[in-house]
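Visitor: Sending over a structure as structure tokens; questions will come in a sec.
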Amino acid sequence: MGFEVAADAYDRFMGRYSRPLAEEFVRAAGVADGQRALDVGCGPGALTTVLVRELGVEAVCAVDPSESFVTAFAERFPAVDVRRGAAEALPYGDNTFDVAMAQLVVPFMADPVAGLREMARVTRPGGVVAACAWDHAGERTPLTAYWRAVERVAPGGAGEANIPGCRRGHLAELFAQAGFEDPVESELTIRVPLPTFEDWWEPMTNGTGPVGDHYARLDEEQRAALRAAAAELVPASNLEITGTTWCVLGRV
Ligand SMILES: C[S@@+](CC[C@H](N)C(=O)[O-])C[C@H]1O[C@@H](n2cnc3c(N)ncnc32)[C@H](O)[C@@H]1O
């Protein structure tokens, strides 16, 4: 999966959406002064930035399997305890945090149920495990026009609609399978203005995530056809890119 990329590439591709999303996610999770928080799948640190602002640098820890992201993260947040690791085997002890959060990460876990169980293990009884994931199946993401363009030029169901947590109810179902009673699902929506089509398109080609993996496999002719199809779906200028995630909270 394309997450061994430079932090700057990630920031341009997804960070510009995950930064405003983090504001909504932290609010939805009820993060409050005095808590200790874990950012699972922290990437270069979009969610951590908000957690550090709300809780202070001492109260936030982070973990991610991507070497390039952990390196960039450590430079950006030298005082935050960041470790390289996966959600399925968190390198933290039991009952360490008041809240464990995974922003746009569950879809990429090798075993999402095991990852959510681990998030529960490191969270104290009464604490909160929170996750959010784009509504790919509902075609409400900043990447939707890319996958629609793919479907136009090469029909056949490529895309992210079927990955875990990205359709209505599925993230909550994963929480239930991980042992959470009555997980609560809601929606979080962000809006990001972009000046031109090119500002939206260019980062799709920089190798990040499933979009980057898909684009990397195309030849020059296919890339040109895809770009032309996308340009028919997205305004040339003054774009407002919107995205909606499913957000689920589970009480430990
Ligand atoms: C879409 S990015 C989200 C990054 C960050 N949370 C944000 O909102 O910008 C997905 C992240 O999940 C990480 N990831 C992939 N598999 C993981 C796993 N099994 N456990 C934890 N993180 C994982 C990737 O390395 C990447 O940083």
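Read-outs throughout are calculated quantities, based only on the coordinates presented, and are distinct from any laboratory measurement. Everything numeric here is computed off the predicted structure, so don't read it as measured data. When we count neighbours, we look across all protein chains shown, and the Cβ atoms used for this are built from the backbone with ideal geometry, even at glycine.
Visitor: Indicate the gyration tensor shape class of the chain (rounded, prolate or oblate), computed on the Cα atoms with a ≥ b ≥ c the square roots of the eigenvalues: a/c under 1.5 is rounded; otherwise a/b larger than b/c is prolate and the rest oblate.
Guide: Prolate.
Visitor: Assigning unit charges at the beta carbon (Lys, Arg +1; Asp, Glu -1) and nothing else, what dipole magnitude in debye, to the nearest 20, does the chain show about its Cα centre?
Guide: My answer is approximately 220 debye.
Visitor: Just from its helices, what would the mean residue ellipticity at 222 nm be for the chain, if runs of 4 or more DSSP H residues each count -39500 (n - 2.57) and the sum is divided by every residue, rounded to the nearest 500 deg cm²/dmol?
Guide: Numbers: 10 runs with 92 residues, N = 252.
Rounded to the nearest 500, the figure is -10500 deg cm²/dmol.
Visitor: Still on this model: Expressed in nm to one decimal, what extension gain is obtained for the pair residue 8 and residue 192 from 0.36 nm per residue of sequence separation less their Cα-Cα distance?
Guide: On the way: separation 184, 0.36 × 184 = 66.24 nm, distance 1.80 nm.
Taking 0.36 nm per residue and subtracting the Cα distance, the gain is 64.4 nm.
Visitor: Out of 180, 197, 69, any idea which swings most in a Gaussian network model of the chain, alpha carbons joined below 10 Å?
Guide: 197
Visitor: Using 1/(1 + (r/R0)^6) with R0 = 45 angstrom and r between the beta carbons of residue 148 and residue 32, what's the FRET efficiency to the nearest 0.05?
Guide: Once the sixth-power term is evaluated, E becomes 0.70.
Visitor: Right, another one. Residue 228 to residue 124: FRET efficiency via 1/(1 + (r/R0)^6), r the Cβ-Cβ distance, R0 45 Å, to the nearest 0.05? Write out the running numbers ahead of the final one.
Guide: Working: r = 53 Å, r/R0 = 1.18.
My answer for the efficiency is 0.25.
Visitor: Between beta-carbons, use under 13 Å as the cut-off and find the net charge around residue 15, counting Lys and Arg +1, Asp and Glu -1. List each step's numbers first, then the result.
Guide: Details: positive: 12, 16, 19, 76; negative: 8, 11.
Overall, the nearby charge balance is +2.
Visitor: Right, something else. Loop-only check: which trypsin sites (Lys or Arg not before Pro) in segment 12-116 are DSSP coil with at most 12 other Cβ within 10 angstrom? Please list the in-between numbers first.
Guide: Details: sites: 12, 16, 27, 36, 53, 76, 83, 84; in loops: 36.
For trypsin sites (Lys or Arg not before Pro) across segment 12-116 that sit outside H, G, I, E and B with at most 12 neighbouring Cβ atoms in 10 Å, the list is empty.
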